[in-house]
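Below is one structure, written out as structure tokens; the observations come after it.
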Amino acid sequence: MNEEGFIFISGTPGTGKSTLAKLISEELNCNYIEVSDFAVKKNLVIPDETGRDTYVIKEDELKEEILKEKGKGLTILVTHYPDVFLDDDRFYLNTLFLILLRTNPKILMDRLNKKGWDEKKVKENVLAEAFNTIAEDIYDYKDIVIEIDTSNENPNNLLDIVFNKINTLDFGIRINWLLNETLIDFISSLVDDVNFNNDRISD
Ligand SMILES: Nc1ncnc2c1ncn2[C@@H]1O[C@H](COP(=O)(O)OP(=O)(O)OP(=O)(O)O)[C@@H](O)[C@H]1O
Ligand SMILES: [Mg+2]
């Protein structure tokens, strides 16, 4: 791929972004930036006032820093919030495509538990995937989205799947876990759990 510009990789935690970013950057011999890590490194985060394990990012400064960091050739940006960048033409007009990784929420739950995260954080992230959160955030950009379900894929096959979709111009966002009948009970019990826990915290 003899091009210049950005390739975004997005998806809920645990869908395999970093795994894929590493594979693509080796294949295309280009850099990749883990945007959240980069923001922390550049001191562009403000701790969230709620004292939770979250923070607010200084978006304008972050965008400037990334534009400065970008060299010639391709740059892969790994991020949970690609819309922040795509809403800015300096990024959008230089973007080749956005790879959106999806994972069946039940399978994602196993992957996140293996990361050793606490139960609440796991459930909130599984719900974010179940409710198609990032897909909704970037729906306006669906014509440049390569959506890939990593639920049952070996990471070694991912590269072939990505390039096959690019070559066949297979763009779009089609996965909607809320329409998957085998997930209805699983998702509703997660919603109940998370609501129950939030009620206890606010009491
Ligand atoms: N296609 C896949 N099939 C099965 N397991 C995978 C796949 N891709 C990644 N994994 C595994 O899932 C876990 C999460 O992968 P990875 O760290 O790449 O996700 P991520 O999207 O970068 O998460 P985060 O947002 O937390 O950085 C890892 O243990 C990884 O080995
Ligand atoms: Mg990662």
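The values are calculated or read from the model by the stated rules, or taken from the named source; none is laboratory data. Worth saying up front: this structure is predicted, and the values here are computed from it rather than measured. Cβ placement follows ideal geometry from the backbone for every residue including glycine, while neighbour counts extend to all protein chains displayed.
Overview of values
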{"item": "Members of segment 112-122 found to be in contact (Cβ under 8 Å) with a residue 40 or more places away in the chain and either surrounded by fewer than 20 Cβ atoms within 10 Å (Cβ to Cβ) or over 20 Å from Ser188 (Cα atoms) (or both), listed by number", "result": "Lys115, Lys120, Lys121"}
{"item": "Residue in segment 65-76 that is outside any loop (DSSP other than H, G, I, E, B) and within 17 Å of the chain's Cα centre (by Cα) present", "result": "yes"}
{"item": "Filter result (under 20 Å from Leu108 (Cβ atoms) and among the β-branched types (Val, Ile, Thr)) within segment 11-28", "result": "Thr12, Thr15, Thr19"}
{"item": "Count of segment 14-33 residues which are near ligand 2 (Cβ under 10 Å from one of its atoms) and either farther than 14 Å from Ile99 by Cα or of a type in the set (Val, Ile, Thr) (or both)", "result": "3"}
{"item": "Only listed residue being among the basic types (Lys, Arg), within 15 Å of ligand 2 (Cβ to nearest atom) and at pLDDT below 95, chosen from Lys68, Lys72, Lys120, Lys115", "result": "Lys115"}
{"item": "Positions within segment 130-161 being within 18 Å of Thr19 (Cα to Cα) and touching a strand residue (DSSP E or B) at 6+ places or on another chain (Cβ under 8 Å), in sequence order", "result": "Ile146, Glu147, Ile148, Asp149, Thr150, Ser151, Leu158, Ile161"}
{"item": "Pair list, Cβ under 6 Å, 6 or more apart: segment 28-50 residue in contact (Cβ under 8 Å) with a residue 40 or more places away in the chain, other residue away from ligand 2 (no atom under 16 Å from the Cβ) and in a strand (DSSP E or B)", "result": "Leu28/Leu74; Cys30/Leu74; Asn31/Thr75"}
{"item": "Selection from segment 159-173 of residues that are in a loop (DSSP other than H, G, I, E, B) and either in contact (Cβ under 8 Å) with a residue 60 or more places away in the chain or over 11 Å from Ile148 (Cβ atoms) (or both)", "result": "Thr168, Leu169, Phe171, Ile173"}
{"item": "Lys142 being among the charged types (D, E, K, R), within 16 Å of ligand 2 (Cβ to nearest atom) and under 17 Å from the mean Cα position of the chain (by Cα)", "result": "no"}
{"item": "Some residue of segment 87-108 being in a helix (DSSP H, G or I), over 14 Å from Ile134 (Cβ atoms) and within 16 Å of ligand 2 (Cβ to nearest atom)", "result": "no"}
{"item": "Selection within segment 77-86 - away from ligand 2 (no atom under 16 Å from the Cβ) and either outside any helix (DSSP H, G or I) or closer than 15 Å to Thr12 by Cα (or both)", "result": "Asp83"}
